[in-house]
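Here the structure comes first, spelled out in structure tokens, and everything after it is commentary.
Just so it is clear, none of the values below were taken in a lab; they were calculated from the coordinates. The model shown is predicted, which means the values in this text are computed figures rather than measured ones. Neighbour counts are summed over all protein chains in view; Cβ atoms, including those assigned to glycine, are modelled from backbone coordinates with ideal geometry.
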Amino acid sequence: MTRNPLTRCLPDDYDHRDTQGYLFPDHRSPTTDHPVNVTHSLKELSTSPFVALWIASFVIGTLSAPMMSLLAIYVEAELGRTPLFSAGLRSLFILLGGLFAVPAGILCDKIGTKKTYVIGSTGALVSGLIFLTDQPAWLVAICVYIGVATGFSTTASQAYLIHAAPRSSLGLGSAAFFLGSTLGSALGNRLTGLVVDTAGFRTIGVWMSAAMLVVLVGIILLMPELASRPAVGVRSRASWRDYTRLFARPSIRLLVGVRYLPTCYWGAATLLIPLLIFRATGTTSSAANYIAVSLCVASLFQVVTGRLCDRFGPKTPALVASIGVTASALLTAVFARSALGLYVFGVTGATAAWSLSTTMPGIINDVSGPDEKGQVVGMAHLSWSAGMLTGSLWGGTAVEWSAGLPFYVVTACGGATVVLLAALFKMQRGTMNGFPLSRE
């Protein structure tokens, strides 16, 4: 029997009936020539398990917001430690979150995304303990656990998103997912600001942990478990060796590069642009206003980008966004001593970077097989974490030499991202998940 030329070079144990994510790289449904409208997408999302994920991420974002916004203040006011100590704790979150995204990907594909997400959510449960200890050693231990748990929760939530959101609405679902976490964080910071001066750190810590315990029980009882869609009759064999096999595929190597390089810009931008605005204006409020404006504008464009991904696929939005990152980085370097220039090109850079992130779940879905999505998400998050650390460390070092120098270098990272994306999308026209369509 002659095999279909579209599938003859895939492994024999692949279920050729499950074509989600790789037989149709233009990101549209195989049964229709026309993408669904916004109303239909919202209806699809509202009747899918995506709703449970969105609610969980929004509430967790709300409850864990004080951990990030008040950590440096708590460390200085209550522990008498320097901002360098706080910076070290934040670096722990990023580093451990990236490293443990790798085993989290294996767990997602072995035991399921919900169970892995529950494990990761215990990090938010203990986050309130930060404000209940005055011992630096205990604080470090708590932050280590939170960092490890973050790797599991981030990987599992994005893997759950890819499985839960209907394929024709994955772009809008991705935007809504990231926006939900952002809105939760904004709400949490607002509520904290209203009560922190009168209630104190300890009361906030108790309420954070108590409320998160209720949320965790709700996730366990109410959040649907999703199958990871392994091939029919084939047991999931997710293991550490799979990462070697995955990284051998050109499409996965390109994805890793695409996740790492633009995040170098974002790591530098989030650290330096508020600082440079403060230096240019001499006021803290101007830096705070920049963060608020960039957050609002970037959130709006996330939704637009998600909708464009559903209509046309992730190719054009991702390329445009990566070009936007590159141009913004270059112009930020040129106007690094101008408050107006930093405002304008900082906002455009944040918008482009967030838009690029919105395209990532769809791209990951297209380059990964049905029983390996968790592992690919884990690799992508490790790359993101490495990019954040690289950009932050480079930016913090180079800004003392020249205000614009850090951004000139990350401009090159943005340009390389455009090249890698173009290569990835060109490869997708002739492959399925990195496997050639023809042996010739």
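Numbers below:
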read-out	value
Magnitude of the charge dipole, the stretch 293-373, Cβ model with Lys/Arg +1 and Asp/Glu -1, debye to 20	300
Environment charge at Leu45 (Cβ cut-off 13 Å; Lys +1, Arg +1, Asp -1, Glu -1)	+1
Derived scalar couplings ³J(HN,Hα) [the stretch 303-312; Karplus, 6.51 cos²θ - 1.76 cosθ + 1.60; whole Hz; x for Gly, Pro]	5, 4, 5, x, 5, 5, 5, 5, 7, 10
Fully extended contour minus Cα-Cα distance, from Leu275 to Thr203, at 0.36 nm per residue	22.8 nm
Cα gyration tensor shape for the stretch 295-440, rounded if a/c is under 1.5, else prolate or oblate	prolate
Charge context of Val367, other residues only, Cβ under 12 angstrom, K/R +1, D/E -1	+2
Separation in nanometres of the label points that stand 7 Å from Cα toward Cβ, at Leu393 and Arg190	3.8
Tensor-based shape of the stretch 140-212 (alpha-carbon gyration tensor, a/c under 1.5 rounded, otherwise prolate or oblate)	oblate
Prolate/oblate/rounded call for the stretch 271-351, Cα gyration tensor, a/c under 1.5 rounded	oblate
Leu226/Arg253 FRET efficiency (R0 25 Å; Cβ-Cβ; nearest 0.05)	0.35
Above-threshold pairs, the threshold being 25 Å between Cα atoms, out of Lys115/Lys373; Lys43/Lys426; Lys43/Lys114; Lys315/Lys373; Lys373/Lys426	Lys43/Lys426
Residues in the stretch 250-283 that a label on Ala423 would reach, taking backbone N under 15 Å of a point 7 Å out along Cα→Cβ	250-262
Highest average packing first - 110-122, 349-361, Cβ atoms within 10 Å	349-361, 110-122
